[in-house]
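Below you'll find the structure, written out as structure tokens, and then a few comments.
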Amino acid sequence: MLLDIYRVSLKILRLLNNMNSNQIETIKKGLIYCRVSDQDQLKGISLKVQRDSCIKWAKSNNFKILGIYVDEAKSGTKTAGRDGLDDAIIHCKTEHIDAILVIDTDRFARNEVDHFAMKAILKQHDTKIIAINQLMIDESPEGKLMETVLIGINAFYSRLTGRKVRKSLEKKWEDGWWPGWAPLGYLNVDKGTIEKPNKIIETDPLKGPLIKEMFEMYSTGNYSILQLTKKMLDRGLTARKGKKICVSTAQQILSNTFYYGLMKWTDKEKVGNHTPLINQSLFDQCQFIASKHRQFVMRVRKHTFLLRGIVRCPIHGKWLTAEWHHDTKKLRRLG
């Protein structure tokens, strides 16, 4: 009797060991990538829905999630500038990852070239892209056909939306309103409805008077740009995320005609409907002070770039130039 119980116990232990070893073998490594393209979507639950859906799918399909990468308010029409996606790809290069999970293919890219280019890079490291809502995409001929169709639809929808947005921006410009984010000192205020939003520019009650004071102080000629940024920080003027205004931002503010009412967009100019913070004579006085500080000569640049001072942008009418940027993430990726 005891011998029979012992034999049965051994069989059960062997069976459990086999089950555990099989389970360990089938567990795969995965990453989750989430993205929203609009700043307003950050206020909603889109990112949470994407993340939670991918986590739930991973648990049901024996995936161990080693990282969650997010891009906030980043367009899917191009991969440049998407730090979350760059970090996910670097992770795949430094550690074997079986798959990157996304809720839909349009979260990964809305451009055919970028989608297949990123997929080819990941394939070199044996990493797949799995869209959990579009599991019909696989390596079969039918799956690849469906992938091509879906990516084409994503790209078409993105371009169609882009065309509608451009038309809306042109209409807003024609109506006398600034078709973009409000400069510092102003706010984008929605005067429309939920079904039909209509954002216009209104003066920021806190930062608007400080911007006016900034022009007035600079017009005296008693302050350099660096001194002015420190003075304005003491008075409570900060950039959008509460950081100190840097010198280049201060220079842009003091040279922006928007503050006395003149809007410049692409190659167009017109007086806007927004309330000017200053008058043109104060603006011109600030331009004179700026020229005086640099002794009425052009600044000598440290580096000489090809075509600088020769080629002018046909859209914005500005001279083309360049500057050095050391992208450590990109250098690691290329290495």
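The values are calculated or read from the model by the stated rules, or taken from the named source; none is laboratory data. This one's a predicted model, so the numbers in the text were calculated from it and none came from an experiment. Because the Cβ atoms are built from the backbone with ideal geometry, glycine has one as well, and the counts that use them run over all protein chains shown. Keep in mind that these areas ignore ligands, DNA and RNA; they rest on the heavy atoms of the full protein, side chains included. Shrake-Rupley method; radii C 1.70, N 1.55, O 1.52, S 1.80 Å.
General observations
- Number of the exception - ILE132 against (1) exposed (fewer than 13 other Cβ atoms within 10 Å of the Cβ); (2) modelled with pLDDT of 85 or more: (1)
- Residues satisfying the criterion are present in segment 253-260 (criterion: more than 24 Å from the chain's Cα centre (by Cα) and either more than 13 Å from PRO183 (Cβ to Cβ) or open to solvent by 60 Å² or more (accessible area, probe 1.4 Å) (or both)).
- One residue from GLU112, GLU142 being within 25 Å of the chain's Cα centre (by Cα), surrounded by fewer than 17 Cβ atoms within 10 Å (Cβ to Cβ) and among the charged types (D, E, K, R): GLU112
- Some residue of segment 149-172 being on the phi > 0 side of the Ramachandran plot and surrounded by 12 or more Cβ atoms within 10 Å (Cβ to Cβ): no
- Taking segment 80-122 as the range and being assigned to a loop (DSSP other than H, G, I, E, B) and within 15 Å of VAL70 (Cα to Cα) as the test, the residues that pass are ALA80, GLY81, ARG82, ILE103, ASP104, ALA109.
- Among the numbered conditions (1) at pLDDT below 90; (2) surrounded by fewer than 14 Cβ atoms within 10 Å (Cβ to Cβ); (3) on the phi < 0 side of the Ramachandran plot, the only one that ILE245 does not meet is (2).
- All conditions but one from (1) at pLDDT below 85; (2) assigned to a loop (DSSP other than H, G, I, E, B); (3) open to solvent by less than 80 Å² (accessible area, probe 1.4 Å) apply to ARG333; the one that does not is (2).
- LYS29, sole failed condition from (1) at pLDDT 85 or above; (2) basic (Lys, Arg); (3) part of a helix (DSSP H, G or I): (3)
- Complete set of residues in segment 127-178 that are within 30 Å of LYS264 (Cα to Cα) and of a type in the set (Asp, Glu): GLU170, GLU174, ASP175
- Screening SER281 with (1) on the phi > 0 side of the Ramachandran plot; (2) open to solvent by 10 Å² or more (accessible area, probe 1.4 Å); (3) modelled with pLDDT of 90 or more; (4) of a type in the set (Gly, Ala, Ser) gives one miss only, at (1).
- With respect to (1) open to solvent by less than 40 Å² (accessible area, probe 1.4 Å); (2) over 16 Å from LEU184 (Cα atoms), the lone exception for GLU269 is condition (1).
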